[in-house]
Amino acid sequence: MLTKDLENFVEQLRSLVRNQDSGVITESLEGILPEDLAEGVSRLQSDEAITILSALDPEVAGYVLVELPTETAREIMNELPDYALAHYLDVLPMDDALELREELGPERFEDLLEIIPKEDAQELRRLLAYPEGTVGRLMTERFFEVSPETTVSQLLEDIRNASDEKYETVNDIYVLSQDRHLLGVFSLRKAIRSPLSTPASELMREEVVTCNASDTAEASARSMARYGFYALPVLDGRGRIVGIFTGDDAQTVLREEETRDIESLGAVSGDAEPYLSIGVLKMAWKRLPWLFALFIAETATGSVMRRYGGDGAIAGYLFFLPLILGAGGNSGSQATTMITRGLAVGNVRTKDWLLIARKEFLTALIVGTSLGLAGMLRSIFWGAEPALMYSIGCALPAIVLWATAVGGLLPLGAKRLGIDPAVMSAPFISTFVDATGLIIYFEIVKAFFGGKLPI
């Protein structure tokens, strides 16, 4: 949708919201593609989006929710009618549908299972029985299975008559015994090139790489990547096939693991999630544990300086320099790590800069205030005078805010200029934040000490 057309469409949606007539909303938006509806709804306020989606046919609302950014969908889904959410649940891939349970809570999730088709609800319940993080949670039961006697003609006829939802993928065809043990596998390409009367037993390859439903998703994804498979058969404890682990889910698992590793290098803890889907409080919680750990480490450096630096007036505020600069540099590194990774995997785009700036500001405010209070307590423990204590309490939030703003927006600027954010962001952050952090700290100290540094 062109920018100008999108702006007009958003204004039309706001006009419909003001009208408050469900019938008018439904009639006015009839025939508009869910993708276009989602693009307009994503630019509305939460209450406006809820009004639009609540007025739509539940099936249409479900498809619009699928197309919305994850964060937007999470913000509004709890306020939507059950039937709209049930359609949303039903059209989601099984692994995404299971994640929805965490957002809605077990009770409401169970209520939605009573609305969706019985076979889909049963499949979701079976997958929920497997521990989180295992292949069983992510597999699909919709794979192409045949008996050893099935001919090429029969399986091709099955494909022609099957509904779009019957099979997740038909790249590989699995040959099963009557008791559902996996006998072999062959590709659809091989079947197409074979005579129509050829039975599956003559086409299949008996040496099949498999995984167990209780195996970790990461280990199975790496096994699939090693062999270059489209999917991996999943067996239960008795060796019977219960589903397949598809390539797109394996890629998601590996991408999340890589993201988690990269964020850990940047001192960000917690699960790997798309940047825009993480709320401000959760973002702060992902960053604070490591910042506090690094904060304690920096106070050790200050203790060494205090031991050898003497007791003069100038020593008082210089001893806090490692703590102040460390907090700023680490906060900036956390922000730039998350944004750079988001750009790399496509979860963040340069046009999201305003949303990113808002989120980083609020996150930095929480983190900076927490560190500021910790810094004040530390200064009291060291016996600092009140003016220095207040200087620390103000300088830490100010520097964290500044460092986070630079760390969050710098990768976006680099991307816009055609520069690889991963190459220039981290080294630039360290140098720039240290230099500007010194200015911020010294100016705040001067303000609390009557306009001049205590020397």
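The values are calculated or read from the model by the stated rules, or taken from the named source; none is laboratory data. Everything numeric in this text was worked out from a predicted model, so none of it was measured. Cβ coordinates were reconstructed from backbone atoms using ideal geometry, including for glycine residues, and neighbour counts include every protein chain displayed. Accessible surface is based on the protein model in full, side chains and every heavy atom, while ligands, DNA and RNA are left aside. Shrake-Rupley method; radii C 1.70, N 1.55, O 1.52, S 1.80 Å.
Among 98, 326, 343, which residue has its Cα positioned farthest towards the positive end of the charge dipole of the chain, with +1 placed on the Cβ of Lys and Arg, -1 on the Cβ of Asp and Glu, and the dipole taken about the Cα centre?
Positive-end residue among those listed: 326.
Between helix 82-91 and the chain, what is the angle of the helix's C-alpha long axis to the longest principal axis, kept within 0 to 90° and rounded to the nearest 10?
Orientation of helix 82-91: about 70 degrees from the principal axis.
Can you compute the modelled spin-label distance between residue 5 and residue 380, with each label point 7 Å from Cα toward Cβ, in nm?
It works out to 6.2 nm between the two label points.
With axes computed from alpha carbons, what is the tilt in degrees of helix 152-161 against the longest principal axis of the chain, rounded to the nearest 10 within 0 to 90?
Long axis of 152-161 versus the principal axis of the chain: about 60 degrees.
First measure r as the distance between the Cβ atoms of residue 111 and residue 196, then evaluate 1/(1 + (r/R0)^6) with R0 = 45 Å and state the FRET efficiency to the nearest 0.05.
For R0 = 45 Å, the calculated efficiency reads 0.40.
Using r as the Cβ-Cβ distance of residue 435 and residue 296, and R0 as 22 Å, what FRET efficiency do you calculate, to the nearest 0.05?
Using R0 = 22 Å, I get an efficiency of 0.35.
Can you list residues from other chains, or at least 5 along the same chain, whose modelled amide H is less than 5 Å from the amide H of residue 212?
For residue 212, the qualifying residues are 235.
How big is segment 324-407 by Rg and Dmax over its Cα atoms, in Å?
Calculated on Cα positions, Rg and Dmax stand at 14.9, 49 Å.
Using the Karplus curve 6.51 cos²θ - 1.76 cosθ + 1.60 with θ = phi - 60°, what ³J(HN,Hα) values do you get for each residue of segment 327-338, in whole Hz, with x for Gly and Pro?
Values per residue, Gly and Pro as x: 4, x, x, 5, 5, x, 5, 4, 5, 5, 5, 5 Hz.
Rolling a 1.4 angstrom probe over the protein chains, ignoring ligands and nucleic acids, what is the accessible area of residue 248 in square angstrom, nearest 10?
90
State to the nearest 20 debye the size of the charge dipole of segment 150-199 about its Cα centre, where the only charges are +1 on K and R beta carbons and -1 on D and E beta carbons.
260
Grab the alpha carbons of segment 203-246, take their convex hull, and tell me the volume per residue in Å³.
Dividing the Cα hull volume of segment 203-246 by its residues yields 79 Å³.
Which angle between 0 and 90 degrees, to the nearest 10, do you get for helix 58-67 versus the longest principal axis of the chain when only C-alpha atoms count?
Helix 58-67 sits at roughly 60 degrees to that axis.
For segment 94-140, what does the alpha-carbon gyration tensor say about shape, rounded, prolate or oblate, given a ≥ b ≥ c as the root eigenvalues, a/c under 1.5 as rounded, and a/b over b/c as prolate?
Verdict is oblate for segment 94-140.
Once both labels are modelled 7 Å past Cα along the beta-carbon direction, what's the residue 160-residue 129 spacing in nm?
Rounded to a tenth, the inter-label distance reads 3.7 nm.
Return the FRET efficiency for the residue pair residue 119, residue 282: r is the Cβ-Cβ distance, R0 is 41 Å, and the value is rounded to the nearest 0.05.
The pair residue 119/residue 282 has a calculated efficiency of 0.75.
Hey, if you put +1 on the Cβ of every Lys and Arg and -1 on every Asp and Glu Cβ in the chain, which of 234, 388, 54 ends up farthest toward the positive end of that dipole?
Among 234, 388, 54, the one farthest towards the positive end of the dipole of the chain is 388.
In segment 29-58, what GluC sites (Glu not before Pro) fall in a loop by DSSP, with at most 11 other Cβ atoms inside 10 Å?
Within segment 29-58, the qualifying GluC sites (Glu not before Pro) (loop, at most 11 other Cβ atoms within 10 Å) are 30.
Can you order the peptides 215-225, 175-185 by their average number of other Cβ atoms within 10 Å per residue, highest first?
Packing proxy ranking, top to bottom: 215-225, 175-185.
Work out the length of the dipole vector of the chain about its Cα centre, built from +1 on the beta-carbon of each Lys and Arg and -1 on the beta-carbon of each Asp and Glu, and round it to the nearest 20 debye.
Charge dipole of the chain: 2460 debye, to the nearest 20.
Can you list residues whose amide H is under 5 Å from residue 184's amide H, if they're 5+ apart or on another chain and H is modeled 1.01 Å from N?
175
I'd like to know which of 447, 34, 284 lies farthest towards the positive end of the charge dipole of the chain, counting +1 on Cβ of Lys and Arg and -1 on Cβ of Asp and Glu.
The listed residue farthest towards the positive side: 447.
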